[in-house]
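The values are calculated or read from the model by the stated rules, or taken from the named source; none is laboratory data. None of these values were measured; they are calculated from a predicted model. Cβ placement follows ideal geometry from the backbone for every residue including glycine, while neighbour counts extend to all protein chains displayed. To get the accessible areas, we keep the full protein, side chains included, count just its heavy atoms, and leave off ligands, DNA and RNA. Shrake-Rupley method; radii C 1.70, N 1.55, O 1.52, S 1.80 Å.
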Amino acid sequence: MKNLFTRIKNQISADLHGLLDEKEQQNPISQLNYFIKQSESELGKVRGLLERHYSLRTKFQVEREAALQMVQKREEQLKVANEAGAEDLIKRATEDLAFYKEQAEKFVTLIAKTEEEISFMHEQVNQIEKKLKELHTKKSDLMSRQNMAHATKKINETHHLLNSKMPSIDFNYFEKQIRDLELRVRSEFDLQSFDYKIDLLKKELTNKVKQEA
């Protein structure tokens, strides 16, 4: 039992350090996710073993109670057999009494041993859960570092693009294009404004002629 938990804990620690040392791997986060999934699966199996131990302890307790009941029953029957002087029944009751007493004592030992193992398993499960939490923390840290590495790469690429292209850009040409556009817009506005004023004068003259007639 102890070897099982030790193996699981050591495997988690060894694989974790191995994964962290392989920073150059193409997708370390995917590898870590896969390992965490495997570890959580193993932990699930350990919890299943723990539940089985609880069931065994309950079984042992039931068996102990049954043995104690048989001890009490055979003691009463032995008393009756002794009073009656029934040698064959005395022999049978005495043998059964010794057997059930021994059974009760064995189950007491088994219960104590099982409870000790349950306590040990709880402690080991707690340690494994802490290691898995450590894994999740490491994963978050690696995700943050990976994201920052990608961001830094893009920033450097953008700086390189700007630094390499800006010297070749003819800003004077762009400024001339903008000035020409501004002049065209202004001219179109002035022309439209002139036409509007002439139309307005025509209407005023027409109205004046009508009034004089």
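Highest mean first, the peptides 35-43, 81-89 sorted by other C-beta atoms within 10 Å per residue fall in the order 35-43, 81-89. Note on the range 37-159: with charges restricted to the Cβ of Lys and Arg (+1) and Asp and Glu (-1), its dipole about the Cα centre is near 1080 debye. Sorting 160, 53, 122 by accessible area puts them as 160, 122, 53; the probe is 1.4 Å, largest comes first, and only protein heavy atoms count. Cross-link partners of residue 210 among lysines, defined as those whose alpha carbon lies under 23 angstrom from its own and excluding same-chain residues fewer than eight positions apart: 197, 202.
Ignoring aspartates and glutamates fewer than eight residues from residue 91 along the same chain, the ones with Cα atoms less than 15 angstrom from its Cα are 75, 76, 83. The phi torsions of the range 108-125, fed into the Karplus equation with coefficients 6.51, -1.76 and 1.60 and a -60° offset, translate into couplings of 4, 5, 5, 4, 4, 5, 5, 5, 5, 5, 4, 4, 5, 5, 4, 4, 5, 4 Hz, rounded to whole numbers, with Gly and Pro shown as x.
Mind scanning 59/79; 59/131; 79/106; 45/106; 133/153; 73/106 and naming the pairs with a C-alpha gap bigger than 23 Å? From the list (59/79; 59/131; 79/106; 45/106; 133/153; 73/106), the Cα-Cα distance tops 23 Å for 59/79; 59/131; 79/106; 45/106; 133/153. Taking a ≥ b ≥ c as the square roots of the eigenvalues of the alpha carbon gyration tensor, the range 70-213 is oblate, as a/c is not under 1.5 and a/b does not beat b/c. Give me the percent of accessible area attributable to carbon and sulfur for the range 77-191, probe 1.4 angstrom. Result for the range 77-191: 58 percent of the exposed heavy-atom area is carbon or sulfur.
Largest accessible area first, the residues 162, 32, 142 order themselves as 162, 142, 32 under a 1.4 Å probe with ligands, DNA and RNA left out.
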